[in-house]
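**Q** Below you'll find the structure I mean.
The values are calculated or read from the model by the stated rules, or taken from the named source; none is laboratory data. As the structure is a prediction and not an experimental result, all values here were calculated from the model. Here the Cβ positions follow ideal geometry from the backbone for every residue, glycine too, while neighbour counts run over all protein chains shown. Please note that ligands, DNA and RNA were not included when accessible areas were found on the heavy atoms of the full protein model with its side chains. Shrake-Rupley method; radii C 1.70, N 1.55, O 1.52, S 1.80 Å.
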Amino acid sequence: MKIRFKLTSQTRFMLRTGEQYVEGIRERRHAKIYVMGKRVTDVTTNLFLKPSVLAFKATFDAAFQEDTRDLARAYSPYINEEVNRFVHIHQGPQDLVAKVKLLRRLSHKTGTCFQRCVGWDALNTLYIITGKMAERGDWVYRERFLKYLEHVQRRDLALAGAMTDVKGVRTLRPNEQPNPDAYVRVVEERDDGIIVSGAKANITGIAAVDEVVVLPTRAMTEQDAAYAVSFSIPLDTPGVVVVVGRQINDARKMEGGDIDGVPYMAHHEGLIIFNNVFVPWDRVFLYKDWRWTGPLVEIFASFHRQGYGGCKSGLGDVIIGAAYELAKTIGVDNKPNVADKLAEMVFLNESMYSAGLAASWEGSKLLKEGGWWVNPMYANVTKHLVARFPYEISKLAHDIAGGIVGTAPSEFDLKNEEIRSLLEKYLQGVPEIPAEERLRLVRLLENVSVSVGFLIESVHGAGSPAAQKIMFNRLYDYEKAGEIAKALSRIKVTVKWPKAPEPRRPSESEKL
Ligand code: SF4
């Protein structure tokens with residue numbers, strides 16, 4: 001492997017525990033974060049954000065827990081140490097597979113999106129893009145990026161990936177917008193760095209990270225050069241403002257109960273505003289070279305679409321499990337119609353997972369020295385299944401569980417001594433299972449199956465369904481499929497059969 005800079009850092013190697021991550025976020029006092037109109041100084045104790053911190057924390061704890069330790073650790077050749085997989089650069093298909101498996105398991109432990117994968121995918125994307133630049137003789141960005149990677153891996157940082165610009169008028173390109181900051185852009189170039197302005201929306205986990213890695217959201221043209229910028233900054237950099245978004249049932253986190261709010265981990269999304277923010281040159285990984293933006297977006301999107309095969313199937317397991325247990329509470333778990341619905345849910349769930357694994361096993365190298373990427377066709381198939389199947393799975397689970405999912409009383413009713421015995425009597429199904437267990441399962445099913453993490457994020461996260469269809473049309477070789485049809489129908493008798501059986505064209509990134 002060709003790495004052209006010397007590892008001179010004196011920083012002690014750290015694979016952080018969950019507690020150490022939480023402590024780091026607690027000390028990050030200066031970040032300007034707002035929740036429901038109020039400034040939050042400590043996200044670790046804020047009732048709205050604490051469940052998000054706990055979900056993030058699970059990615060650190062995974063490196064120390066018996067069942068996930070092997071999946072959650074990987075050897076980094078860049079610092080010659082073991083690192084948390086969430087800051088690892090994939091070294092082969094086995095790493096891509098481990099990603100999908102780790103994500104499935106972490107969904108079991110959190111019941112939500114654990115938010116750390118976007119920054120991870122951003123790292124792997126920049127590794128490939130800056131590597132491509134280096135292969136063409138431009139080592140500046142490569143060397144900067146590898147130093148940044150060392151910084152991230154040695155400190156085991158929690159990163160957010162910020163890609164989606166607010167976009168203003170959707171039919172206009174960045175340089176045509178009436179609001180010039182509708183896409184994040186460079187507003188000033190200085191000797192020591194650049195000043196950036198703009199905002200990124202729907203940023204997963206943004207309030208709970210150490211740093212944010214910013215990527216362009218779309219392919220740019222020459223006229224958009226000022227918008228072709230990628231960089232990283234600590235979240236408490238002056239000029240950065242984070243406004244956390246609301247989600248369904250979010251106020252339950254602040255009620256202080258222990259049933260209605262389950263799962264106790266939840267993710268958040270937010271708007272990050274760059275109000276004339278200074279970025280030093282050593283944190284700039286793409287600067288006005290608009291030609292790299294198309295491949296960058298394609299590489300990042302495919303990485304994240306692959307990951308959905310793991311995390312969403314993991315949430316599917318939670319929902320299938322809750323539906324099965326709820327069927328038991330009312331004595332219908334052995335009924336053929338319930339077994340049929342459960343089998344359908346399993347089929348939908350394992351289809352998402354299988355596609356994620358296929359995208360991983362069929363991954364390939366984009367750089368001479370590595371730069372492992374997923375198979376873009378199967379990554380897009382994965383995400384397209386994810387845009388559909390969670391809704392089907394949720395519908396089937398609600399069908400099995402019954403209307404109680406939408407009508408169950410609050411845990412505070414169950415805790416009220418005046419009505420507790422009445423509710424225990426009338427909420428109970430089979431006598432062996434107490435009413436409180438049924439209520440707990442109902443709340444879990446409700447909170448996970450109608451969550452942003454399982455539904456809305458499944459449609460829009462990593463690109464909406466239309467984006468995958470664009471990729472299908474780019475990647476599928478209709479001419480080759482046509483030749484196959486013409487050969488079999490004897491319209492054409494000589495066909496040049498390629499080695500690969502799949503009729504597929506190379507993606508933009510594979511052609512570089
Ligand atoms: Fe990770 Fe899934 Fe959340 Fe994306 S949606 S950050 S892949 S858990």
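**Q** List pairs: first residue in the range 102-130 and more than 29 Å from Trp292 (Cα to Cα), second residue more than 10 Å from the ligand (Cβ to nearest atom) and basic (Lys, Arg) anywhere in the structure, Cβ distance under 8 angstrom, at least six positions apart or on different chains.
**A** Matching pairs, first to second residue: Leu102/Arg85.
**Q** Looking at the range 39-80, which of its residues are of a type in the set (D, E, K, R) and in contact with a Lys or Arg (Cβ under 9 Å, 6 or more places away or on another chain)?
**A** Arg39, Asp42, Lys50, Asp61, Asp67, Arg73
**Q** Inside the range 145-172, can you point out the residues that are assigned to a loop (DSSP other than H, G, I, E, B), open to solvent by 60 Å² or more (accessible area, probe 1.4 Å) and charged (D, E, K, R)?
**A** Scanning the range 145-172 gives Lys167, Arg170.
**Q** Moving on. Say whether the condition of being open to solvent by less than 10 Å² (accessible area, probe 1.4 Å), within 13 Å of the ligand (Cβ to nearest atom) and either touching a Phe, Trp or Tyr at 6+ places or on another chain (Cβ under 8 Å) or closer than 25 Å to Leu427 by Cβ (or both) is met by at least one residue in the range 292-300.
**A** Taking every residue of the range 292-300 in turn, none turns out to be open to solvent by less than 10 Å² (accessible area, probe 1.4 Å), within 13 Å of the ligand (Cβ to nearest atom) and either touching a Phe, Trp or Tyr at 6+ places or on another chain (Cβ under 8 Å) or closer than 25 Å to Leu427 by Cβ (or both).
**Q** When Val332 is evaluated against the numbered criteria (1) β-branched (Val, Ile, Thr); (2) farther than 21 Å from Arg504 by Cα; (3) in a helix (DSSP H, G or I), which criterion, by number, is the only one it fails?
**A** With (1) β-branched (Val, Ile, Thr); (2) farther than 21 Å from Arg504 by Cα; (3) in a helix (DSSP H, G or I) applied to Val332, the lone miss is (3).
**Q** When you look at Val318, is it within 25 Å of the chain's Cα centre (by Cα), β-branched (Val, Ile, Thr) and either at pLDDT 95 or above or more than 16 Å from the ligand (Cβ to nearest atom) (or both), yes or no?
**A** Judged against the criteria, Val318 is a match.
**Q** Please indicate, with yes or no, whether at least one residue in the range 438-449 is closer than 24 Å to Gly316 by Cα, of a type in the set (Gly, Ala, Ser) and either more than 26 Å from the chain's Cα centre (by Cα) or within 16 Å of the ligand (Cβ to nearest atom) (or both).
**A** So far as the range 438-449 goes, yes, one or more of its residues are closer than 24 Å to Gly316 by Cα, of a type in the set (Gly, Ala, Ser) and either more than 26 Å from the chain's Cα centre (by Cα) or within 16 Å of the ligand (Cβ to nearest atom) (or both).
**Q** Considering every residue within the range 343-351, establish whether at least one is within 16 Å of the ligand (Cβ to nearest atom) and more than 30 Å from Leu439 (Cβ to Cβ).
**A** no
**Q** Being among the hydrophobic types (A, V, I, L, M, F, W, C) and open to solvent by 60 Å² or more (accessible area, probe 1.4 Å), is that true of even one residue in the range 399-417?
**A** yes
**Q** What pairs can you find where one residue is in the range 294-318 and without any contact (Cβ under 8 Å) to a residue 12 or more places away in the chain and under 11 Å from Ala359 (Cα atoms), the other is near the ligand (Cβ under 9 Å from one of its atoms) and open to solvent by less than 10 Å² (accessible area, probe 1.4 Å), and their Cβ atoms are less than 6 Å apart, with a gap of 6+ or different chains?
**A** none
**Q** Something else: Hand me the list of helices (runs of 4 or more DSSP H) wholly inside the range 398-507 holding 2 or more residues that are under 30 Å from Val381 (Cα atoms), touching a helix residue (DSSP H, G or I) at 6+ places or on another chain (Cβ under 7 Å) and of a type in the set (S, T, N, Q).
**A** Where helices (runs of 4 or more DSSP H) fall fully within the range 398-507, none carries at least 2 residues being under 30 Å from Val381 (Cα atoms), touching a helix residue (DSSP H, G or I) at 6+ places or on another chain (Cβ under 7 Å) and of a type in the set (S, T, N, Q).
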